[in-house]
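To start, the structure itself, in structure tokens.
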Ligand code: COI
């Protein structure tokens, strides 16, 4: 926790219900909030106790492994404000479980599920005034786990930091209600037995070139194909892709070009219709709009998250 006097000042200053934000203009850019959560531990030990501290820059040695070998993973989840002002999370324990898997792959200790969920709740509560009004967006919660200790060789760090910060967000693809996607034919994203299955920080920067080029050509995003065959659909730059059929299987790109409807999902994008896909110069268009399956799924998912539809699965967790 911040020191008692520091905390009292912040609480007094921050006692208003909402922070001074233009909630109608929210996109997906970072807005600094009041507090972040920080917890450290040494290699070979377990995380024990973390603290809320005022949001700000962190100090790292230039030889910290996160900066040199990319020893780090992250998570993303959202807190929602309901009409009755209750704040809820959506399946936060699943983020904790995924972080644990990623930590094992990247040779790092990880917080327990309880520590993770408790830290998320503390961070959200401390930043409550930044949770947008119902219907205006959500508070994006970004847990990071990183090697913060020094190593100049290719070895795991002697110290680790688990940090959570938040930012109010609106739609990821602001204004893009249906996406125009291009299939990426040169770059691949994840390789068999690689780290594509975990949320390693190093999975993201290598896609910037493809996405930036696609955006200069007017596309909303890029669809990656699998590295082994270059024929099967994998994922967009930050979300999963679905063809409207209730079947979980490998999808050859030809099936995608024959589909009636396509959509993508992720914490950041929620559920977003894909309006078109361009592959080898051929563009196909898909069903979008209120009658589409993706819009029905969007309404159901956000209805459960916002408490408008009964949560029969026990997915929502009150903060
Ligand atoms: C998600 O929404 O699941 C993501 O990973 C997106 C994030 C990288 C912005």
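None of the figures in this text is laboratory data; all of them are computed from the coordinates on show. Everything quoted here is computed from the prediction, not taken from an experiment. Heads up, the Cβs are rebuilt from the backbone with ideal geometry, glycines too, and the neighbour counts pull from every protein chain shown.
Highest mobility in the GNM of the chain, judged by mean-square fluctuation with C-alpha springs under 10 Å and restricted to 57, 46, 171, is found for 57.
Between 196, 27, 175, the Gaussian network model of the chain with springs among Cα atoms under 10 angstrom shows the greatest mean-square fluctuation at 175. To the nearest Å, what is the center-to-center distance of region 195-262 and region 23-57, using C-alpha atoms only? Rounded to whole Å, the Cα centres lie 30 Å apart.
What ranking of 264, 41 emerges when the number of other C-beta atoms within 10 Å of each C-beta is taken as an exposure proxy, fewest first? Could the numbers behind the result be given before it?
Working: 264 24, 41 20.
Ordered by Cβ neighbours within 10 Å, fewest first: 41, 264.
Per residue, the Cα convex hull of the chain amounts to 149 Å³. Pull out a ≥ b ≥ c, the square roots of the eigenvalues of the alpha-carbon gyration tensor of region 201-316, then state rounded if a/c is under 1.5, prolate if not and a/b is larger than b/c, and oblate in the remaining case. It comes out prolate by the Cα gyration axes.
Normalised by the residues of region 172-319, what does the relative contact order come to in percent, with Cα pairs under 8 Å and at least six apart? Each step should come with its number before you reach the end.
Working: 231 pairs, mean separation 32.0, N = 148.
Contact order relative to length: 22 percent.
Translational D (Stokes-Einstein, µm²/s) of region 50-129 at 20 °C and 1.002 mPa s when Rh comes from the Kirkwood sum over C-alpha pairs? So the translational diffusion coefficient is about 147 µm²/s. So for region 39-161, averaging the separation of alpha carbon pairs under 8 Å that are six or more residues apart and normalising by length, what relative contact order in percent results? With pairs under 8 Å counted, the relative contact order is 39 percent. If you take the Cα centroid of region 147-165 and the Cα centroid of region 78-139, the two points sit 23 Å apart.
Once C-alpha pairs closer than 8 Å and six or more residues apart are averaged by separation and normalised to the residue number of the chain, the relative contact order reads 19 percent.
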